[in-house]
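In what follows, a single structure is set out as structure tokens and then discussed.
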Amino acid sequence: MKTLAKLPVTIVTGFLGSGKTTLLRHMLDNAEGRRIAVIVNEFGELGIDGEILKQCSIGCTEEEAVGRVFELANGCLCCTVQEEFFPVMRELVARRGDLDQILIETSGLALPKPLVQAFQWPEIRNACTVDAVITVVDSPAVAAGTFAAHPEQVDEQRKQDPNLDHESPLHELFEDQLASADLVILNKADLLDAEALAAVRAEVAEELPPAVKIVEASAGKLPLSVLLGLNAEAELHIDSRPTHHDHEGHEDHDHDEFDSFHVDLPEVEEAALIKALGQLVERHDILRIKGFAAIPGKPMRLLIQGVGKRFDKHFDRKWLTDETRSTRLVVIGQELDQAVIANELRTALV
């Protein structure tokens with residue numbers, strides 16, 4: 001009977017750096033025997049999130065993990081479902097008797113609604129159901145005004161500042177990610193006091209129907225009983241959820257306003273690198289920086305993930321004997337001059 005049951009799919013969405021990958025790592029580390037397949041959707045040339053997830057202790061060797069983590073490398077899932085998503089899902093459907101759960105981490109620039117609608121396709125809907133769309137919110141970013149409750153007022157203020165981009169899609173994207181949610185996680189709650197966190201909760205709640213629950217978390221640490229088994233069957237009612245992009249054709253929906261590129265560097269001093277990255281963020285409209293660094297004298301690779309001026313870092317694993325000890329960083333932002341940014345970073349680290 002197992003092969004006849006619909007395979008539950010959890011879609012994890014959220015803005016850049018909200019903590020989606022951290023949440024997935026927590027879920028995999030606490031799978032308690034569940035057989036989980038993961039689809040990672042990357043925006044950028046370096047599949048860093050896929051590499052991070054492959055380091056999780058999910059009870060299999062690195063070779064076995066390769067067969068469980070499916071990494072889609074060319075950006076927004078809603079734009080590429082027919083090219084990449086369907087073949088991956090077809091393979092997983094064929095193996096659904098060997099699986100208990102599918103987790104999909106969308107790019108921070110993806111719109112979740114078209115992805116959920118893909119589960120209405122006959123080839124998928126008979127075998128899978130969207131157990132829930134989980135939207136992860138960067139609570140400190142919302143508290144800082146990155147996503148205001150009244151975007152029109154913010155946009156008016158932005159128009160008065162010639163140094164700011166006057167047409168930003170970020171507020172609408174954030175609202176669309178909330179519009180598709182069955183569960184919202186206010187992540188990084190430990191970084192705010194009670195008053196600020198309450199304000200974030202109130203702001204997010206304005207965008208949600210009463211049935212959608214909001215929970216708070218630090219580093220995505222929540223019981224799997226809260227995250228799985230919601231039985232939302234989101235694909236059945238997603239069409240009734242209005243979003244900003246409902247009336248746009250594919251030709252109108254692209255991410256040309258976002259740039260993504262990587263910078264390769266040799267070994268670098270940790271403190272100098274973090275300082276240089278912070279200065280870059282101040283000078284350019286950079287949304288996120290992530291990647292790996294080789295630190296002189298350190299046998300392990302330094303993982304770096306930055307959102308705005310906030311950078312998280314830790315040593316994730318030892319360098320392999322056949323690896324070149326080098327540094328690679330992905331830079332994501334708007335209207336970025338790749339040559340200028342790369343030159344500034346290299347100059348700062350000389």
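The values are calculated or read from the model by the stated rules, or taken from the named source; none is laboratory data. The model shown is predicted, which means the values in this text are computed figures rather than measured ones. Reconstructed Cβ throughout: ideal geometry from the backbone, glycine too, with neighbour counts over all protein chains shown. The area values use the complete protein model at the heavy-atom level, side chains included, leaving out ligands, DNA and RNA. Shrake-Rupley method; radii C 1.70, N 1.55, O 1.52, S 1.80 Å.
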(request) For the stretch 299-318, enumerate the residues that are open to solvent by less than 40 Å² (accessible area, probe 1.4 Å) and part of a loop (DSSP other than H, G, I, E, B). (result) Gly308
(message) Could you check the stretch 204-243 and list, in sequence order, the residues that are among the small types (Gly, Ala, Ser) and under 20 Å from the mean Cα position of the chain (by Cα)?
(response) Ala217, Ser218, Ala219, Gly220, Ala234
(message) If I filter the stretch 303-350 down to residues being hydrophobic (A, V, I, L, M, F, W, C) and in contact with a Lys or Arg (Cβ under 6 Å, 6 or more places away or on another chain), which single residue comes out as farthest from Ile274 (Cα to Cα)?
(response) Trp319
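Would you confirm whether any residue within the stretch 321-338 is among the polar types (S, T, N, Q), without any contact (Cβ under 8 Å) to a residue 24 or more places away in the chain and open to solvent by 80 Å² or more (accessible area, probe 1.4 Å)?
Quick first cut of the stretch 321-338, residues among the polar types (S, T, N, Q) only: 321, 324, 326-327, 334, 338.
Going one step further and asking which of them are without any contact (Cβ under 8 Å) to a residue 24 or more places away in the chain, we end up with 321, 324.
From what's left, open to solvent by 80 Å² or more (accessible area, probe 1.4 Å): 321, 324.
Looking through the stretch 321-338, at least one residue is among the polar types (S, T, N, Q), without any contact (Cβ under 8 Å) to a residue 24 or more places away in the chain and open to solvent by 80 Å² or more (accessible area, probe 1.4 Å).
When only residues in the stretch 135-152 that are farther than 12 Å from Arg201 by Cα and modelled with pLDDT under 60 count, which is most open to solvent (accessible area, probe 1.4 Å)? Full working, then the answer.
Narrowing the stretch 135-152 to residues farther than 12 Å from Arg201 by Cα: 135-136, 141, 144-148, 150-152.
Of the ones still in play, those that are also modelled with pLDDT under 60 are 147-148, 150-152.
Details: Phe147: 8, Ala148: 26, His150: 93, Pro151: 27, Glu152: 113 Å².
The extreme case among them is Glu152.
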(request) Could you please find all residues in the stretch 312-350 being of a type in the set (Gly, Ala, Ser) and modelled with pLDDT under 90? (result) Gly333
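Kindly check whether there is at least one residue in the stretch 216-227 that is acidic (Asp, Glu) and in contact with a helix residue (DSSP H, G or I) (Cβ under 9 Å, 6 or more places away or on another chain).
First, pick out the residues of the stretch 216-227 that are acidic (Asp, Glu): 216.
Still in the list and also in contact with a helix residue (DSSP H, G or I) (Cβ under 9 Å, 6 or more places away or on another chain): 216.
Yes, some residue in the stretch 216-227 is acidic (Asp, Glu) and in contact with a helix residue (DSSP H, G or I) (Cβ under 9 Å, 6 or more places away or on another chain).
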